[in-house]
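What follows draws every value from the coordinates through simple rules; no lab data is involved. If you're wondering where the values come from, they're calculated on a predicted model, not measured in any experiment. Here the Cβ positions follow ideal geometry from the backbone for every residue, glycine too, while neighbour counts run over all protein chains shown.
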Amino acid sequence: MTPTVFVVDTNAVIAGLMTDAGRSPVAWILDAMLSGSLRYLLSPERLAEYRSVLLRPKLTKLHGLAEVAVDRLLAELTANAMWREPHKGTSNNPWISILNDTIRHLCVEDLRNSLLLRAIFALI
């Protein structure tokens, strides 16, 4: 069986960083990304999106990370990621063309579904 690989939505990363609840699904996902136990895809565009959102002034006030700390976090995420260029088609979401049974999009809305969440953690 081929292991599932995820495309982690920016909102899931941001929520994981900003939650106070260590048992929160978004915290688990971010921790799994940082520890290397979650297999996920990253591209230069997705990394740039993570960075630009993390450095928005309103969010910077909430998470309290300086730019250098954000860059360190992103370097750790990059080190554990699988690099893949998304298809540059006509879709608003360029990752759609590579999503299949082994590559899944993981967003905050998915993490509200406890059955899906248990299935994800069974895979990592």
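Give the calculated FRET efficiency between E85 and S52 to the nearest 0.05, with a Förster radius of 25 Å applied to their Cβ-Cβ distance. Efficiency computed from Cβ-Cβ geometry: 0.85.
3J(HN,Hα) along the stretch 71-85: 5, 5, 4, 5, 5, 5, 4, 5, 4, 9, 8, 9, 7, 7, 7 Hz, from the Karplus curve 6.51 cos²θ - 1.76 cosθ + 1.60 with θ = phi - 60°, whole Hz, x for Gly and Pro.
Near the amide H of V5, within less than 5 Å, lie the amide hydrogens of I103, R104, all on another chain or at least 5 residues away, with H placed in the peptide plane.
Per the Debye calculation on the stretch 24-79 with a single equal scatterer at every Cα and no solvent contribution, log₁₀ I(q)/I(0) for q = 0.14, 0.16, 0.17, 0.31 Å⁻¹ amounts to -0.39, -0.51, -0.58, -1.28.
Multiply the residue gap between A75 and L34 by 0.36 nm, knock off their C-alpha separation, and tell me the result in nm, one decimal place.
Details: separation 41, 0.36 × 41 = 14.76 nm, distance 0.98 nm.
Length difference between fully extended and current span is 13.8 nm.
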